[in-house]
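Student: Can you keep this structure in mind? I'll have questions shortly.
The values are calculated or read from the model by the stated rules, or taken from the named source; none is laboratory data. Since we're looking at a predicted model, the values are computed, not measured. Glycine also receives a Cβ, built like all others from the backbone with ideal geometry; neighbour counts cover every protein chain displayed.
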Amino acid sequence: MNVARACLTAALCLALVPPASSVAVAEDAPETSLPHTAVARVQPEHVLMIGNSHIARLGGLDWLLESFVNAEGSSREFDAEAITKGGVTLAYHWQNGAPDRIRSGEFDTVVLQGWLSGEETQTIEPFIEHARLLDSVVREAGAETVFLMTWPRAVGDWSDLDDAIEAHRTIAADLGARVAPAAIAFDLAQAERPDLALIGEDDVHATWEGTYLAAATVYATLFGRSPEGLRYYFVGVDPDDAAFLQRVAWQAVTEWQALTEADTLVAIAD
């Protein structure tokens, strides 16, 4: 964890040098936005999320994403849906209908979540292979691929946060794809607030707070702006905690952007 955090901090410096109940209250959306490639290429209106139980739990990240957008108080249209199955990777979705759904849905953005570090091979290769295959279908359908980087499991795991970062840096560089770095957001939040439980008693799935943070990170990534100031309160999340998690989500997204920009600078130099 410390290695990953140090890596992000160094990259930031380099880049700068060159269904549950809820209450959503409209408030002026923050004007903070990301520079360069992190700004959404198209403000998405129709999003498909593909993954496992990390997307499906506690009402679903697709529903939560809609709730964040609704909290903006704007009149624009937006909807999200999900294809999920517990415990599966992108390999499963590649073989079980996801390509057809991507082709038929007229989506603006497809969010892929399949980094399951318990892969039998204990390598990043299966993730990379099927990320590329599904991305090719997304591009053919005229949509954008965004990868959701989920957090390492605390049980039965061969990998850690550094492995997740490596896998997603590889695929981001390879495909020019954006990443919603929820795993990094979790790490940053726990470093600042170790008292705030983000992963549940099963040591795998997110708590209410963790789910809120993951959704806020996806929102910040897709729309290229901070969720700070949005008065959307997920059941089980205290408003003060929600404000903290919104801030951390934006911090994670901006630090990831700095990291990927640093990778681009290195690639150009080489």
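Student: Just checking, how many residues over the range 235-259 are aromatic (Phe, Trp, Tyr) and under 17 Å from Ala180 (Cβ atoms)?
Tutor: Residues that pass the stated criteria total 2.
Student: Just to be sure, is Ala172 at pLDDT below 95, buried (at least 18 other Cβ atoms within 10 Å of the Cβ), aliphatic (A, V, I, L, M) and in a helix (DSSP H, G or I)?
Tutor: Yes; evaluated as a whole, the condition is true for this residue.
Student: To continue, here is another question. Listed residues Pro152, Pro194; which is part of a loop (DSSP other than H, G, I, E, B), at pLDDT 95 or above and at negative phi?
Tutor: Pro194
Student: Here's a follow-up. Filter the range 62-100 for residues that are part of a helix (DSSP H, G or I) and aromatic (Phe, Trp, Tyr); which is nearest to Val218 (Cα to Cα)?
Tutor: The residue in question is Phe68.
Student: Follow-up. Which one is modelled with the lowest pLDDT among residues in the range 101-134 that are part of a helix (DSSP H, G or I) and under 19 Å from Ala80 (Cβ atoms)?
Tutor: Ser104
Student: So, one more: Can you report the number of residues in the range 135-145 which are over 20 Å from Pro181 (Cβ atoms) and either at pLDDT below 85 or among the acidic types (Asp, Glu) (or both)?
Tutor: 1
Student: Exactly one condition in (1) surrounded by fewer than 22 Cβ atoms within 10 Å (Cβ to Cβ); (2) under 18 Å from Leu64 (Cβ atoms) is false for Gly224; which is it?
Tutor: (2)
Student: Here is a follow-up. Scan the range 222-242 for residues that are part of a loop (DSSP other than H, G, I, E, B), under 26 Å from Glu45 (Cβ atoms) and over 20 Å from the mean Cα position of the chain (by Cα) and jot them down.
Tutor: If the condition is that a residue be part of a loop (DSSP other than H, G, I, E, B), under 26 Å from Glu45 (Cβ atoms) and over 20 Å from the mean Cα position of the chain (by Cα), then no residue fits.
Student: Checking the condition closer than 14 Å to Phe68 by Cβ and among the small types (Gly, Ala, Ser), which residue from Ala252, Ala189, Ala183, Ala216 passes?
Tutor: Answer to the check: Ala216.
Student: Considering Thr221, Thr211, Thr217, which residue is touching a Leu at 6+ places or on another chain (Cβ under 6 Å) and either under 15 Å from Leu188 (Cα atoms) or polar (S, T, N, Q) (or both)?
Tutor: Of Thr221, Thr211, Thr217, the one residue that is touching a Leu at 6+ places or on another chain (Cβ under 6 Å) and either under 15 Å from Leu188 (Cα atoms) or polar (S, T, N, Q) (or both) is Thr211.
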